[in-house]
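Just so it is clear, none of the values below were taken in a lab; they were calculated from the coordinates. It should be emphasised that the depicted structure is a prediction, and the values quoted were computed from it without experimental measurement. All Cβ positions, glycine included, derive from the backbone under ideal geometry; neighbour counts span all protein chains shown.
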Amino acid sequence: MTDTGAERRNFARERTRVEVEIVKDFKHVKGVMEYVSFGGAFVSLSKTFLQDSTLEIQFDVPGEYTPFKGNAKVVWVKKDKAMGIQFVDLPASEKLKLEKLLLAL
């Protein structure tokens with residue numbers, strides 16, 4: 001039996017296609033968020049970062065004047081330029097933006 005990860009998820013994930021920007025040590029990498037949940041996201045991008053590293057993710061939320069900006073931890077990395085991230089220490093304002101995005105999906 002293969003592990004789909006569903007048993008470890010605390011939040012339901014939604015399929016999406018949102019352009020994101022990842023910032024780590026003054027490096028900016030653009031990518032696409034393919035799945036998102038209140039706890040984290042699956043992101044495809046041209047350059048991945050090391051597992052357990054902390055980074056900033058930014059993306060536009062429809063109907064919001066300012067983009068979502070939050071910290072995340074890399075929880076897994078795939079060779080094909082994808083990684084799973086977990087949102088960490090989100091301020092209440094960013095949690096509301098994330099909730100708004102999820103409700104729109």
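Using a 7 Å offset from Cα along Cα-Cβ at E19, what residues in segment 52-83 end up with backbone N under 12 Å from the label point? Hits in segment 52-83 for E19 at 12 Å: 59-60. Full extension of the chain between D60 and L96 gives 11.7 nm of extra length, using 0.36 nm per residue less the Cα-Cα distance.
Can you tell me the FRET efficiency between L103 and W76 if r is taken as the Cβ-Cβ distance and R0 is 30 Å, rounded to the nearest 0.05? Plugging the Cβ-Cβ distance into 1/(1 + (r/R0)^6) gives 0.65. Rounded to the nearest 20, the Cβ-based charge dipole of segment 17-74 about its Cα centre (Lys and Arg +1, Asp and Glu -1) stands at 160 debye. Each residue of segment 53-70 was assigned a 3J(HN,Hα) from its phi angle through the Karplus curve 6.51 cos²θ - 1.76 cosθ + 1.60 (θ = phi - 60°); the sequence is 7, 9, 9, 10, 10, 9, 7, 7, 10, x, x, 9, 6, 10, x, 5, 9, x Hz, with glycine and proline shown as x. Cross-link list K27/K73; K79/K100; K47/K100; K30/K78: which exceed 25 angstrom alpha carbon to alpha carbon? Beyond 25 Å between Cα atoms: K79/K100; K47/K100.
Working from Cα pairs under 8 Å separated by at least six residues, relative contact order for the chain is 23 percent. Treating segment 6-104 as a set of equal point scatterers at the Cα positions, no solvent, please give the Debye-formula log₁₀ I(q)/I(0) at q = 0.18, 0.23 Å⁻¹. Those come out to -0.78, -1.33, one per q. Applying both filters, DSSP loop and at most 11 other Cβ atoms within 10 Å, to the chymotrypsin sites (Phe, Trp or Tyr not before Pro) of segment 37-105 gives Y65.
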